[in-house]
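Read-outs: derived from the displayed coordinates by stated rules, not from any lab. Note that this is a predicted model, so its numbers are computed, not measured. Here the Cβ is made from the backbone with ideal geometry for all residues, glycine too, and neighbour counts use every protein chain on show.
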Protein chains: 4
Amino acid sequence: VKAAVVTGFESPLEIQELPIPDPGPGQVLVRIECSGLCHTDIHAAHGDWPVKPAPPFIPGHEGIGVVEKLGSGVSEPAIGTRVAIAWLGSACGHCRHCISGWETLCEAQQNSGYSVNGTFAEYAVVAAAFANPVPDSISARDAAPLTCAGVTTYKAIKVAKVAPAETVAIFGIGGLGHLALQYARIAGGFVIAVDIQDDKLAMATELGADHVINASTTDPVQAIKDLGGADVAVALAASPASFDQAFRSLRRGGRLVCVALPANDAALNVPIFDMVIGGKSVIGSIVGNRNDLADVFALHEAGRTRVVVVDRRLDDVNAAVDEVLSGRVTARVVFSL
Amino acid sequence: VKAAVVTGFESPLEIQELPIPDPGPGQVLVRIECSGLCHTDIHAAHGDWPVKPAPPFIPGHEGIGVVEKLGSGVSEPAIGTRVAIAWLGSACGHCRHCISGWETLCEAQQNSGYSVNGTFAEYAVVAAAFANPVPDSISARDAAPLTCAGVTTYKAIKVAKVAPAETVAIFGIGGLGHLALQYARIAGGFVIAVDIQDDKLAMATELGADHVINASTTDPVQAIKDLGGADVAVALAASPASFDQAFRSLRRGGRLVCVALPANDAALNVPIFDMVIGGKSVIGSIVGNRNDLADVFALHEAGRTRVVVVDRRLDDVNAAVDEVLSGRVTARVVFSL
Amino acid sequence: VKAAVVTGFESPLEIQELPIPDPGPGQVLVRIECSGLCHTDIHAAHGDWPVKPAPPFIPGHEGIGVVEKLGSGVSEPAIGTRVAIAWLGSACGHCRHCISGWETLCEAQQNSGYSVNGTFAEYAVVAAAFANPVPDSISARDAAPLTCAGVTTYKAIKVAKVAPAETVAIFGIGGLGHLALQYARIAGGFVIAVDIQDDKLAMATELGADHVINASTTDPVQAIKDLGGADVAVALAASPASFDQAFRSLRRGGRLVCVALPANDAALNVPIFDMVIGGKSVIGSIVGNRNDLADVFALHEAGRTRVVVVDRRLDDVNAAVDEVLSGRVTARVVFSL
Amino acid sequence: VKAAVVTGFESPLEIQELPIPDPGPGQVLVRIECSGLCHTDIHAAHGDWPVKPAPPFIPGHEGIGVVEKLGSGVSEPAIGTRVAIAWLGSACGHCRHCISGWETLCEAQQNSGYSVNGTFAEYAVVAAAFANPVPDSISARDAAPLTCAGVTTYKAIKVAKVAPAETVAIFGIGGLGHLALQYARIAGGFVIAVDIQDDKLAMATELGADHVINASTTDPVQAIKDLGGADVAVALAASPASFDQAFRSLRRGGRLVCVALPANDAALNVPIFDMVIGGKSVIGSIVGNRNDLADVFALHEAGRTRVVVVDRRLDDVNAAVDEVLSGRVTARVVFSL
Ligand SMILES: [Zn+2]
Ligand SMILES: [Zn+2]
Ligand SMILES: [Zn+2]
Ligand SMILES: [Zn+2]
Ligand SMILES: [Zn+2]
Ligand SMILES: [Zn+2]
Ligand SMILES: [Zn+2]
Ligand SMILES: [Zn+2]
């Protein structure tokens, strides 16, 4: 089995040949067709965050494939089922978070490509209950980015409680942003896309953004205030300046949803006076749960979203990482396997 | 009419003798019996915040009294009605905020004792619709602190959506805190009171706190985590360390409500990684609307809250300000007039 | 001034020539261009409901026109402003409902074309604060149906808390239904349109319904269950059978929003066992507030809705009523004036 | 093992001696100390509802005991743990309802004492994950009624979204009602207790009701309207008249929560005009989930609730049923085993 392996936080990924993993009790083995490249994979490979994975490990959590073998005690999904392996590799099922619909906050969760091996490989194992069914009508190439970039931004729009006719500013167009803006619109919002690259803003317009702002040439805070201010801002770019602009673009009663995870212990500076007087909030949002992912697939199946993909070979994983870091990738890299 | 007047941000307040004000169209004249001293009055007198009042002006926005004269076009409240003059002196009634139940966010609002003269005086005028009825059974001395300290903390508990059996940590016991903890309990919460003075914590216990923590001798973050973490933390003390501790005491899914307004352009530093991974939020909360104040009075009338008052004469306003700033006042100073 | 007048509940409307009304204090005079014909107008003319209007009166509450004269004390909207006169003719502004964002529940409200004269006339007066601005880009012909059919169904979708990827069944396509289905879709829903006329279902498909069901030939309850059941059902047809089917089409956790108002004291029969075991709800929803109407106009201006109109002359008001009652009108009759 | 068994819907329960059941995979065996008698048990024994259990079976779903043996694959709760067996005997864990926090709506759920054998026996088996921990400080005698009467009414107050200072009318005091009124108060509500027996109303007053109404001598609808109307009404008595009164006691914007389950296919008649004009809702509420039960125990442990129990021997089960049906039991019968 070919796999891309992180051997150390200072080294590039290594393409290795490994044995086919065996599904443990309650797990299934999946033959991977496609796997998307998420910023989180890069942070994982570099050990960027306070909680670090333990090399050697295989990143990847946008893996689409077919169930080939069932571990003991598993009856579904049946062999042959198309499934998606997402960031949430498993959760305990009986803590307060799991019982209340927030399995993504479970303290006992496992994360694909981080605390357990992920999908940058021809085969991967996953807990049967977290092998999410993928509708037949969705190509693996489209399903991959939906599995993390899709469900993450879908959830961000949901926790922001975007209502029809609200104005939503998306800070950062790309893998996440090109989907975030579509979900904001699906929820009835008027969408303002903010980025520093014109090609990404052109894509945003094509995907339904009502307004676009190039933050390298225009002050996005002033421009958004001129449009009446944002009810909701979604911070998808990991730069401190971008978080700050997103907060300051809010109108009274507005909500900033933070999704991007900067390296290290970065902090958001919230001006207290303005937040209190203006009744504003800041909300942290991680990926969605299994229902959210099913919704994301259902919306795509109904033709309500479009996924923009750049195809790469897994052998070129390090080159693809460079492309992403340099901003040369318009939306999402997907590896075919 | 005796009044305490701010003549400049560097000077003490001055007790002056002024003419009785005349109620304009849509206003009423109120003979003030009692007026509470809020931290906001001190910030107003010192010009502490980004948006400043214009001296000379009379502070005070916890004024209780009786309507003595009606301006043109006013039919209610009738002469003789007991009313409270609160921070929200008026709002426009037809902007999006006013129409949606958020008159406290109205951009055209007037604020008593800040943008218009307040209640540190024997007489004050106020918009008739914002002269809030006070039930007969509530003494003016109790009603005064409820009018700002009460409604502000009541609203904080409400925007935090405290549910029964949730754990609520109140950071800062005193004028606001001694009421906040009671509202947290009224909403069904388990309450942890945090302060640096033992007398205030003793009061907290007496008023129903389930746990108390002296932050000058115990690390409140660790102590709260040992209790399972806070679902909700309410930041009532204006120190940066207190805000920071309040955020870090949250469990996953927790919400920090910011109420205190530090001087100048102070910022809250939110650790992004922890906020996103833990699904945490930070919410700014200003005072409540007229319904909230009516609720606060109804709860007090039903015996569900207790107000702790320290009595002072208006002539001693500057000494009282010193007492508050030095932390010597356990709960709320109320001036009788 | 030409007007259509209800002179008694048993008689047809009468076209009369009346003097131009004079705007009272706080009111404006509006020169009406267009006025839609709502089912409520017919119920008003027939005295169908428990609370009855007092003839003679002028019905109409989807009136679009231009402000021609201001009553005393009014500064806005300025003369020349295009405005909409809706069902909510005024509200008190200071009761609990008004303060909390629910002016539509104000016990002191006036209703256009019911408790006060409406817009089936060349001129009408209305409280200045309830003369809702209409964007220039929206034709009067489109604005009229949005003013009641639009805002009513928009609010129904809102109180149902429709979330993206939920299934919404609209029972009754026509004046209200053709807009309800668009708002359900704007909120991200998958829409099932139910009616007994194929022309209306064809319109529904064209306007974005995902599924259509002809209830005269197919059992809609079974058909909707086959699609997985409805998360939300909206009852827009006043027949008891339709309400009943709408409830029974719900999946567990589903919500039925009742909008239609049958004549007399009609009751909805809710099967208690199924409601309790299935965690289902039934919600009454009346028109939206002024913010909701502004949203409805903003969505139309942005091209997100389409209004289907049948043009009639006010002189033919009785014939138009007959057309509506016989089901011959696909969507909304609008009178030009 | 002694057990009370339903052998047919027309016969009294039979006390039988049965073998100790063996815990299957994923189950635990519990030695029962106490078991409460719920109205649901009586409906089960009589086959009153549309969905019927299959005799012979053992009723009971308020069972408190100690884990004595673990089935295969079970590691917790450990042997010796005190646990509660509730109505929700198990749920699938991976359907939309389970994932979203609504395991009580799971279509694959098992119900103790209904679809599987219950706790009217010295021993019972239950799915390990649904053997809910009981804090040591709570007596089995108190824990039993909390396990169904408690969690059911706690959830009803929760789905009604009772906010502080709202008025809550509880229709039917007794096993459920005496706890419902305490939870309404814990959530900050003003409580009106309605019943037809003075002894139950006296208990209600003692437990904190703000008002009591004897519906056999006073019209509760008028009496509640005189108090301003109810924001929330909770229907706990299975009589159609009581449901009807509960609905009609609501003020505008009010919510009726239905909990009682009348025999057969009883329907609630909701007056549509009043519901729509008044913006009222009717909500079905079944028992709470495992988090809700943990909350109920935590509140009791903190001294915030009181449980009123009538002790009976399991041998007298049929006499106890008669007592309950005749209304002679003030609150909850608990069998000791
Ligand atoms: Zn968990
Ligand atoms: Zn990712
Ligand atoms: Zn305003
Ligand atoms: Zn204050
Ligand atoms: Zn209408
Ligand atoms: Zn009102
Ligand atoms: Zn029960
Ligand atoms: Zn389930």
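Placing +1 at every Lys and Arg Cβ and -1 at every Asp and Glu Cβ, with all other atoms neutral, what dipole size does the stretch B:12-70 have around its Cα centre, in debye to the nearest 20?
140 debye
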*Using the charge dipole of chain A (Lys, Arg: +1 at Cβ; Asp, Glu: -1 at Cβ; taken about the Cα centre), state which of A:GLY303, A:GLY60, A:ILE157 has its Cα farthest towards the positive end.*
A:ILE157
_Efficiency of FRET from Cβ geometry, A:VAL1 and B:HIS94, R₀ 56 Å, rounded to 0.05_ = 0.25
_List, shortest first and in nm to one decimal, how far the label point of C:SER115 (7 Å from Cα along Cα→Cβ) is from its counterparts in the other copies._
3.1, 5.0, 5.9
*Starting from a label point 7 Å past Cα on the Cβ side, list the distances from C:GLU17 to the same position in the other copies, nm, shortest first.*
7.2, 10.1, 10.4
*asked:* Around C:PRO271, under 10 Å between beta carbons, what's the net of Lys plus Arg minus Asp minus Glu among the other residues?
replied: -1
*chain B - charge dipole about Cα centre, Lys and Arg +1 at Cβ, Asp and Glu -1, debye rounded to 20*: 880 debye
*Can you give the net charge of the other residues whose Cβ lies under 11 Å from the Cβ of B:PHE247, counting K and R as +1 and D and E as -1?*
+1
*Sorted from shortest, what are the nm distances separating the label point of D:SER326 from equivalent points in the other copies, each placed 7 Å from Cα along Cα to C-beta?*
6.7, 7.3, 9.0
*In terms of the Cα gyration tensor, with a ≥ b ≥ c the square roots of its eigenvalues, is the stretch C:1-87 rounded because a/c is under 1.5, prolate because a/b exceeds b/c, or oblate?*
prolate
*asked:* What percentages make up the Cα-Cα pair-distance distribution of the stretch D:161-284 when the bins are 10 Å wide from 0?
replied: 15, 50, 31, 4
_For A:SER72, project a label point 7 Å along Cα to C-beta. Then give me every residue of the stretch D:25-56 with its amide nitrogen under 15 Å of that point._
D:25-26
*For A:TYR183, A:TYR114, what ranking results if the residue with the fewest other Cβ atoms within 10 Å of its Cβ goes first?*
A:TYR114, A:TYR183
*asked:* Based on alpha-carbon atoms only, what is the radius of gyration of chain D relative to the globular estimate 2.2 N^0.38 Å?
replied: 0.97
*Where labels lie 7 Å past Cα in the beta-carbon direction, separation of D:ILE79 and D:ILE15 in nm*: 3.0 nm
_Residue (of D:GLN245, D:LEU179, D:THR167) at the positive-pole extreme of the stretch D:161-284, dipole from beta-carbon charges_ = D:THR167
*What nm distance separates the two modelled labels at D:ARG313 and A:SER137, each placed 7 Å from Cα along Cα→Cβ?*
6.7 nm
*asked:* Could you compute the net charge surrounding D:ALA237? Neighbours are other residues with a C-beta less than 14 Å from the C-beta of D:ALA237; K and R count +1, D and E count -1.
replied: -1
_What's the minimum Cβ distance from chain D to the axis relating it to A, in whole Å, and which residue gives it?_
D:GLY101, 2
_As an exercise, use a Förster radius of 35 Å and the Cβ-Cβ distance of A:SER115 and B:THR218 to find the FRET efficiency, rounded to the nearest 0.05._
0.55
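By its C-alpha gyration tensor, with a ≥ b ≥ c as the square roots of the eigenvalues, how is the protein assembly as shown shaped: rounded for a/c under 1.5, else prolate for a/b larger than b/c, else oblate?
Cα axes put the protein assembly as shown in the rounded bin.
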*Other protein chain Cβ atoms within 10 Å, averaged over every residue that makes up B:95-107*: 6
*Suppose every K and R has +1 on its Cβ and every D and E has -1 on its Cβ; what is the size of the dipole of the stretch B:161-284 about the Cα centre, in Debye to the nearest 20?*
420 debye
*Going by a ≥ b ≥ c, the root eigenvalues of the Cα gyration tensor, does the stretch C:97-179 fall in the rounded group (a/c under 1.5), the prolate group (a/b larger than b/c) or the oblate group?*
oblate
*Per-pair calculated FRET efficiency, R0 = 45 Å: D:LYS225 and B:ARG31 via Cβ, rounded to 0.05*: 0.80
*Taking B:ARG31, C:ARG251, C:ARG328 and counting other C-beta atoms within 10 Å, the order from fewest to most*: C:ARG328, B:ARG31, C:ARG251
